[in-house]
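**Q** Sharing a structure with you now.
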Amino acid sequence: MSLTWHHSRQIGALLFERYDTLNPRTVQLGDLRKWVLDLEDFEDRADGGDEKALDAIRQAWYDEWKAEFGGHREEG
C-alpha cells in the first residue's frame, strides 16, 4: 500500500512500531517529516506535508503510544 500525507492513522501506527518507546509529543516536526519520508511505503511529495498533516500524524502516533503505555510515560 502506498502511503500519502493523508494516511495519518497508518503512518502513526508504523512510526509507533519503529519508535515504540518514544513519546511522539517530544518529536520535532522536522524530525517527524524526515521519518515519514523515510518510511518504505511512503510515496507522496516531500513538500506535501504541511503542519496540519504532521500534527495529524503525530496525534495518530500518540494515540497508539498512549494505548500501549496508558499515558504513564509522558516525559518519554
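**Q** Quick check on segment 1-48: of everything there that is among the polar types (S, T, N, Q), part of a helix (DSSP H, G or I) and more than 8 Å from the chain's Cα centre (by Cα), which residue is farthest from residue 67 (Cα to Cα)?
**A** Per the stated criteria, the residue is 26.
**Q** How many residues does segment 17-44 contain that are of a type in the set (Lys, Arg) and either modelled with pLDDT under 95 or surrounded by 14 or more Cβ atoms within 10 Å (Cβ to Cβ) (or both)?
**A** Number of matching residues: 2.
**Q** Under 6 Å between Cβ atoms, which residue pairs at least 6 apart in sequence (or on different chains) link something in segment 53-74 that is at pLDDT 95 or above with a partner that is polar (S, T, N, Q)?
**A** Final answer for the pair search is 56/8; 57/8; 60/8.
**Q** While we're looking at this one, here's another question. Please find, among 14, 3, the residue that is touching a residue at least 12 places away in the same chain (Cβ under 8 Å), out of contact with any helix residue (DSSP H, G or I) (no Cβ under 7 Å at 6 or more places or on another chain) and crowded, with 16+ Cβ neighbours inside 10 Å.
**A** Among 14, 3, only 14 is touching a residue at least 12 places away in the same chain (Cβ under 8 Å), out of contact with any helix residue (DSSP H, G or I) (no Cβ under 7 Å at 6 or more places or on another chain) and crowded, with 16+ Cβ neighbours inside 10 Å.
**Q** Continuing with the same structure: Between residues in segment 24-38 that are without any contact (Cβ under 8 Å) to a residue 24 or more places away in the chain and residues that are part of a helix (DSSP H, G or I), which pairs lie under 6 Å by C-beta distance while being six or more apart or on different chains?
**A** Pairs found: 37/46.
The values are calculated or read from the model by the stated rules, or taken from the named source; none is laboratory data. Keep in mind that this is a model prediction, so the values were computed, not measured. Counting neighbours? That spans all protein chains shown, and the Cβs are built from the backbone with ideal geometry, glycine included.
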